[in-house]
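This report concerns only the one structure given below.
Since every read-out is calculated from the coordinates, none of them should be taken as a lab result. Please read all numbers here as calculations on a predicted model, not as lab measurements. When we count neighbours, we look across all protein chains shown, and the Cβ atoms used for this are built from the backbone with ideal geometry, even at glycine.
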Amino acid sequence: MHMADALLAPSVAATMYVASGAVAGICVKALKKDEDMAKLPTMAVTAALVFAGQMINYTIPGTGSSGHLCGGMLLSALLGPQAGFLSMVVILAIQCLFFADGGLMALGANCWNMAFYGCFIGYYLIWKPLMHSRLFAGKKNAARVKIALSSVLGCIITLQMGAFSVVLETSASGVTELPVGTFVGIMQPIHLAIGLVEGLITAAVLLFIYEARPELLTELDEGTEKAKSRCSLKTTLAILTAVVVVVGGGLSLFASGNPDGLEWSMFGNSEAGYSENMGLDEEAYGISSKTADAAEAIQEKTAFLPDYAFSGSDSAAGTSVSGLVGSAIVAGAAVLICMLGGFFRRKKSCHG
């Protein structure tokens, strides 16, 4: 669901930058407790896990489309909404700048669509209430069921909100090739299927963490039976790190080649025998602007592994290297952002 610059007018893109930037600023300011700093290793590993997971597009059967993990629900369930949102911003910014995945002018919109809803709506309206609810009270596996239910519902609902935001943003931009009613009618159903798969993946990861190290999960109700820690924190993070390496460096080679939900909605996949959907011309759609041209020029200079591959090469090694290098950069950048927040907080306290 990474939007390209051609889908946005500069004014809409600027508005979304302001919205996402304001949320990010609030999040940095909120990272002021010692326990937030204690989450740095978990933040690094889980951010890298989401980056690697986003490299694997999974096929949506019978459609000619594919989807990939967004990760907002997963990160907020482990880190809380503020650290989760900042981690998502880091992931999306690195994808944009170093891998040319999503437009630079559209980065603010992509952060809002893919991170805000999962991290904040998913956390405060779905994850937290369900985890503290009396649902399945007295049942042996109450916590496990609530984790799975929250994951699936959260991913489905927040991805629907993100997909609808894409429609609103393109409509506000005056992209006449994308009539609102038709676009909604195609975007929402395909992202319903994509959200369901993401929910199942998120549930599987969170249930593993619950079994291995339950205290890593946020909002576990004290009245709910908790699993006993089966692994130390180091072991749990080592296992997740190994998953990052396997997924980013190996399984990413087997990602679906079908267009993702947004591309599929606009262009279809008639070459593979599926619907044309809106049947737009990939070479000439949307709107152009000097701002978008300038953003594209910057991306061409910063993206050292465009489209997760070596420039001018079809070698599979480029995908593996992209997965491993990108995951490492994301892990380091996520920690740096969190540490900077703590640094500025301490500096302000000293002057105060």
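Of M55, M88, how do they rank once you tally other Cβ atoms within 10 Å and put the fewest first? Show your work: numbers first, answer last.
Numbers: M55 25, M88 29.
Going from sparsest to densest Cβ surroundings: M55, M88.
With all pairs of different alpha carbon atoms counted, what Kirkwood hydrodynamic radius in Å does the stretch 175-332 show? Present the calculation step by step, with values, prior to reporting the outcome.
Details: mean 1/r = 0.0509 Å⁻¹.
Averaging 1/r across every pair of different Cα atoms and inverting gives 19.7 Å.
Arrange the following residues from fewest to most other Cβ atoms within 10 Å of their Cβ: W112, W127.
Details: W112 20, W127 27.
Going from least to most buried by this count: W112, W127.
Go from 0 up to the bin containing the longest alpha carbon distance in the stretch 242-321, width 5 Å each, and give me the % of pairs per bin.
3, 12, 14, 14, 19, 20, 13, 4, 1
Using each residue's phi in the stretch 14-20, evaluate 6.51 cos²θ - 1.76 cosθ + 1.60 at θ = phi - 60° and report the 3J(HN,Hα) Karplus result to the nearest Hz, with x for Gly and Pro.
5, 4, 6, 4, 5, 5, 5
For the pair A238 and L196, how long in nm is the line joining their label points, each one 7 Å along Cα→Cβ?
Placing both labels 7 Å along Cα→Cβ, they lie 3.9 nm apart.
Across the stretch 231-236, in residue order, what do the Karplus-derived ³J(HN,Hα) couplings come to in whole Hz, using 6.51 cos²θ - 1.76 cosθ + 1.60 with θ = phi - 60° and x for Gly and Pro?
Working through the residues one at a time gives 9, 6, 4, 4, 5, 4 Hz.
For the stretch 118-176, treating each Cα as an identical point scatterer without solvent, what Debye log10 I(q)/I(0) comes out at q = 0.12, 0.21, 0.28 1/Å?
Scattering profile of the stretch 118-176, log10 relative to I(0): -0.39, -0.77, -1.04.
Which of G332, G261, G181 moves the most in a Gaussian network model of the chain with Cα springs under 10 Å?
G181
Which whole number in µm²/s is D for the chain by Stokes-Einstein, with the Kirkwood Rh taken over Cα pairs at 20 °C and 1.002 mPa s? If you can, show how the numbers build up before the last one.
Numbers: Rh = 20.7 Å.
So the translational diffusion coefficient is about 103 µm²/s.
In Å, what is the Rg of the alpha-carbon atoms in the stretch 67-178, and how long is Dmax?
16.0, 55
Can you run the Rg to Rh ratio on the stretch 1-95? Use alpha carbon positions and the Kirkwood inverse-distance Rh.
Values: Rg = 15.4 Å, Rh = 14.9 Å.
Rounded to two decimals, Rg over Rh is 1.03.
Relative contact order of the stretch 164-296: what whole-number percent is it, with Cα pairs under 8 angstrom and at least 6 residues apart?
On the way: 85 pairs, mean separation 31.5, N = 133.
RCO, the stretch 164-296: 24 percent.
What trypsin sites (Lys or Arg not before Pro) in the stretch 1-92 are in a loop by DSSP, with at most 13 other Cβ atoms within 10 Å of the Cβ?
Qualifying residues, ordered by number: K33.
How big, in percent, is the set of alpha carbon pairs in the stretch 119-245 lying more than 26 Å apart? Walk me through the numbers on the way to the answer.
Numbers: 2906 of 8001 pairs.
Across the stretch 119-245, Cα pairs with separations above 26 Å total 36 percent.
Search the structure for amide H atoms under 5 Å from the amide H of S66, placed 1.01 Å from N in the peptide plane, and list their residues when 5 or more places away or on another chain.
Sorted by chain and number, the residues that satisfy this are I60, D260, G261.
Name the residue from I209, G195, G273 whose Cα lies farthest towards the positive end of the charge dipole of the stretch 157-313, charges +1 on Cβ of Lys and Arg and -1 on Cβ of Asp and Glu.
I209
With each run of n ≥ 4 DSSP H residues scored as -39500 (n - 2.57), what mean residue ellipticity at 222 nm is computed for the chain after dividing by its residue count and rounding to the nearest 500 deg cm²/dmol?
-20500 deg cm²/dmol, from helical runs alone.
Based on Cβ point charges of +1 for Lys and Arg and -1 for Asp and Glu, what charge dipole magnitude is obtained for the chain about its Cα centre, in debye rounded to the nearest 20?
Working: 21 positive and 26 negative charges, 446 e Å.
Roughly 2140 debye for the chain.
Given Cα pairs under 8 Å that are at least 6 residues apart, what percent is the relative contact order of the chain?
Details: 593 pairs, mean separation 105.4, N = 352.
For the chain, the relative contact order is 30 percent.
Hey, fewest Cβ within 10 Å first, where do F310, F120 land in order? Intermediate results must be reported in sequence, preceding the final value.
Working: F310 16, F120 19.
Least to most surrounded, the residues fall as F310, F120.
Mind pulling the angle between the C-alpha long axis of helix 290-302 and the longest principal axis of the chain? Nearest 10 degrees, somewhere in 0 to 90.
60 degrees
Taking one equal scatterer on every alpha-carbon of the stretch 54-116, how large is log10 of I(q)/I(0) by Debye at q = 0.24, 0.25 1/Å?
-1.01, -1.05
Where does the stretch 177-255 land on Rg/Rh, using Cα atoms and the Kirkwood Rh?
Numbers: Rg = 18.3 Å, Rh = 15.6 Å.
On the Cα set of the stretch 177-255, Rg over Rh gives 1.17.
Report, by chain and number, residues whose modeled amide H sits under 5 Å from the one on A9, excluding near sequence neighbours (fewer than 5 apart, same chain).
It is S173, by chain and number.
Does anyone have the angle between helix 142-172 and the longest principal axis of the chain? Alpha-carbon axes, 0 to 90°, nearest 10?
In the chain, helix 142-172 runs at an angle near 30 degrees to the longest axis.
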